[in-house]
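Q: The structure's right below; bear with me while I get my questions together.
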Amino acid sequence: MSNVIKIFDTTLRDGEQSPGAAMNALQKLEVAKALDRMGVDIIEAGFPVSSKEQMEGVRLISETVTNSIVVGLARCVKGDVDAVYEATKSAKKRMLHIFIATSPIHMEFKLRKKPDEVLATIDEMIRYSKKYFDLIEFSAEDASRSDFDFLVQAYKTAIAAGATTINVPDTVGYSIPEEFGSVIARLCEAIPQFGKTVDLSVHCHNDLGLANANALSAVKNGATQVECTINGIGERAGNTAMEEFVMALNTRFDYFGKKTKIDTTLIYSTSKLLTHVTGLVPARNKAIVGDNVFIHESGIHQDGVIKHRETYEIMKAESIGRTADSLVLGRHSGMNGFKTRLDKLGVKLNSKEQLDDAFKRFSELADAKKEVYDDDLFVIIGDLLGTVREGWFLQYLNINSGNTIIPTATIKLTKGSEVFQAAATGDGPVDAVCNAIDKIIGIETSLSEYIVQGVSSGKDAQGEVKVSVSIKGSIYSGRGASTDVIEASGKAYLNAINKYCMIAAI
Ligand code: KIV
Ligand code: ZN
């Protein structure tokens, strides 16, 4: 058996499914290029049947990605399989990911199917899909709460019908590492094709904070593929974080004796890219990529690290591509320097038009603040990709505020060729801006989270605002940046509203 564990990245499917992480097709494409570049074996690009934007995202990724296999998700429904076929047609290497639930609770209450009917559906749908796909992954949803013997039957049926990878999802994050590892070992005993002609994959959710521990235990017991996401985003508490899994294998090769093909020096830039594209910021103490991870605060620790770094550091910051906050560019930097720096950060914009747009935004920023840092560049790229093509744009903003007057905002928005203007008051300047935007757009919203942060160092640093806006019962995250935090707030609020409009197709 090979000692290389395959990485199946589902940032753009399971990850994107989580509240506030919705991405448009261009944003997904940029993240997919970074994943491809870092050596991900398989990229799950989306769930094509679910919307036009999903279909477009998977199609664009299929056209562009050069090394990774591109996957689309399907339920055991012919229309879903056809949609994945349509979306991945132009991929160099493509795969279908098809799933159905196998646990008693899901079969009885969700599917309303008897176990025999589930087996028949697996057989029928994989045989149907085999006409279009050589590579098929079958997932038994809620596998960890399924009856073991029935699970084996489901997997044997899938393999006989043509599945080339079998996935064991801990859908609700219920498993305990020792127990999950033993299920994987028993599956390897029951199904001799695992590790030879069929890959055995695991997909662990983090509801009990055990996703990475479960994935590692599975690998110790015979799994040959792990499904994960950048920064661990995903349904509810998320999925196994790719950076945690990969760095655990790297750091403890002595224990696992396994590795992946991931270029770990691209972990940090890919994490940053995703953060700025989605607005979902990892906690400061998030393993591997959190802001605090390579900082030593206590005197005893600092003293130890100065004397000998390994006293308190088990990994080097450079091994994940984390270097000191590097001063990159200023107002005299040209296109060449700008593009070279983007290349170094792993950002490869798709067209000359996009690159020119990014450079224009960079030049405007360099005029407003003297020094432009890597984080500023990620903000520019995040802004550029987050611009919803047919969305609302903030053209103009004027604020009248102070501690003796009622804050008033006057704004001008455009949508396509139409121009809209409004003025509103509020409890503070940000509230006034949001009220003015609401007056124009006329959608009922409520701001559930508002975070403002400096992007880099210096008094002239850009402010980046991240918001969560609740619209019709769902949460949409938005982000905006500017050297003026009120303008950044307006942009972030509009960005969230534009995501809602994109998903609701209005
Ligand atoms: O968590 C889960 O069960 C899934 C399946 C679609 C694999 O995401
Ligand atoms: Zn999942």
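Q: Which of the numbered conditions does G290 fail, given that it passes all the others? Conditions: (1) in contact with a Lys or Arg (Cβ under 6 Å, 6 or more places away or on another chain); (2) touching a residue at least 40 places away in the same chain (Cβ under 8 Å).
A: Looking at each condition in turn, G290 falls short on (2).
Q: From the residues in segment 235-257 that are within 16 Å of ligand 1 (Cβ to nearest atom) and aliphatic (A, V, I, L, M), which one is surrounded by the most Cβ atoms within 10 Å (Cβ to Cβ)?
A: Across segment 235-257, the extreme among qualifying residues is M242.
Q: For L266, only one of the following conditions fails: (1) more than 19 Å from I43 (Cβ to Cβ); (2) in contact (Cβ under 8 Å) with a residue 12 or more places away in the chain; (3) more than 16 Å from ligand 2 (Cβ to nearest atom). What is its number?
A: (1)
Q: Return the pairs, sorted by first residue and then second, in which the second residue is part of a helix (DSSP H, G or I), the first residue lies in segment 183-197 and is under 16 Å from V226 (Cβ atoms), the beta carbons are less than 6 Å apart, and the residues are 6+ apart or on different chains.
A: I184/A218; F194/C188
Q: Which condition breaks for I440 when tested against (1) touching a His at 6+ places or on another chain (Cβ under 9 Å); (2) more than 25 Å from E16 (Cβ to Cβ)?
A: (1)
Q: Continuing with this model, one more query. Would you point out the residue of segment 178-202, among those that are within 15 Å of ligand 2 (Cβ to nearest atom) and touching a helix residue (DSSP H, G or I) at 6+ places or on another chain (Cβ under 8 Å), that is nearest to I159 (Cα to Cα)?
A: The qualifying residue nearest to I159 (Cα to Cα) is V202.
Q: Which one of these does L210 not meet: (1) among the aliphatic types (A, V, I, L, M); (2) within 16 Å of ligand 2 (Cβ to nearest atom); (3) under 22 Å from F138 (Cα atoms)?
A: With (1) among the aliphatic types (A, V, I, L, M); (2) within 16 Å of ligand 2 (Cβ to nearest atom); (3) under 22 Å from F138 (Cα atoms) applied to L210, the lone miss is (3).
Q: What pairs come up if the first residue lies in segment 432-455 and is over 15 Å from L397 (Cβ atoms), the second is assigned to a loop (DSSP other than H, G, I, E, B), and their beta carbons are under 7 Å apart, counting only those six or more places apart or on different chains?
A: G454/A461; V455/A461; V455/Q462
Q: Please give the number of the condition D170 fails out of (1) free of Cβ contacts under 8 Å to residues at least 24 places away in the same chain; (2) within 15 Å of ligand 2 (Cβ to nearest atom); (3) acidic (D, E).
A: Just one mismatch for D170, condition (1).
Q: If you go through segment 471-491 one residue at a time, how many are touching an Asp or Glu at 6+ places or on another chain (Cβ under 8 Å) and hydrophobic (A, V, I, L, M, F, W, C)?
A: Matching residues across segment 471-491 total 3.
Q: Just one of (1) surrounded by fewer than 23 Cβ atoms within 10 Å (Cβ to Cβ); (2) touching a residue at least 40 places away in the same chain (Cβ under 8 Å) trips up S50, so point out which.
A: (2)
Q: Follow-up question, since we're still on this one. Run E418 past the list (1) surrounded by fewer than 14 Cβ atoms within 10 Å (Cβ to Cβ); (2) modelled with pLDDT under 90 and report the number of the one that doesn't hold.
A: (2)
Q: Which residue pairs have Cβ atoms closer than 6 Å, lie 6 or more positions apart in sequence or on different chains, and pair a first residue in segment 218-234 that is of a type in the set (V, I, T) and within 12 Å of ligand 1 (Cβ to nearest atom) with a second residue that is at pLDDT 95 or above and assigned to a strand (DSSP E or B)?
A: T229/N239
Q: If you don't mind, there's one more thing I want to ask. What's the number of the only condition in (1) assigned to a loop (DSSP other than H, G, I, E, B); (2) within 16 Å of ligand 2 (Cβ to nearest atom) that G20 fails to meet?
A: Of (1) assigned to a loop (DSSP other than H, G, I, E, B); (2) within 16 Å of ligand 2 (Cβ to nearest atom), only one is false for G20: (2).
Q: Still on this structure, I have one more. What residue, among those in segment 185-204 that are under 16 Å from T102 (Cβ atoms) and not in a loop (DSSP other than H, G, I, E, B), is nearest to ligand 1 (Cβ to nearest atom)?
A: Within segment 185-204, the subset under 16 Å from T102 (Cβ atoms) is 186-187, 190-191, 200-203.
From what is left, the residues that are not in a loop (DSSP other than H, G, I, E, B) are 186-187, 190, 200-203.
Values: R186: 20, L187: 16, A190: 20, L200: 14, S201: 9, V202: 10, H203: 5 Å.
The extreme case among them is H203.
Q: Same structure, new question: Please determine whether any residue of segment 460-471 is outside any strand (DSSP E or B) and surrounded by 15 or more Cβ atoms within 10 Å (Cβ to Cβ).
A: So the first thing to find is which residues in segment 460-471 are outside any strand (DSSP E or B), and the list is 460-462.
Applying the additional criterion that residues be surrounded by 15 or more Cβ atoms within 10 Å (Cβ to Cβ) yields 461-462.
Within segment 460-471 (the criterion being outside any strand (DSSP E or B) and surrounded by 15 or more Cβ atoms within 10 Å (Cβ to Cβ)), the answer is yes, since at least one residue qualifies.
Q: For segment 396-404, indicate whether the set of residues that are of a type in the set (V, I, T), in contact with a Ser or Thr (Cβ under 6 Å, 6 or more places away or on another chain) and surrounded by fewer than 16 Cβ atoms within 10 Å (Cβ to Cβ) is non-empty.
A: Checked segment 396-404: no residue is of a type in the set (V, I, T), in contact with a Ser or Thr (Cβ under 6 Å, 6 or more places away or on another chain) and surrounded by fewer than 16 Cβ atoms within 10 Å (Cβ to Cβ).
The values are calculated or read from the model by the stated rules, or taken from the named source; none is laboratory data. No experiment lies behind these values; they were computed from the predicted model shown. Every residue, glycine among them, receives a Cβ derived from its backbone with ideal geometry; neighbour counts consider all protein chains shown.
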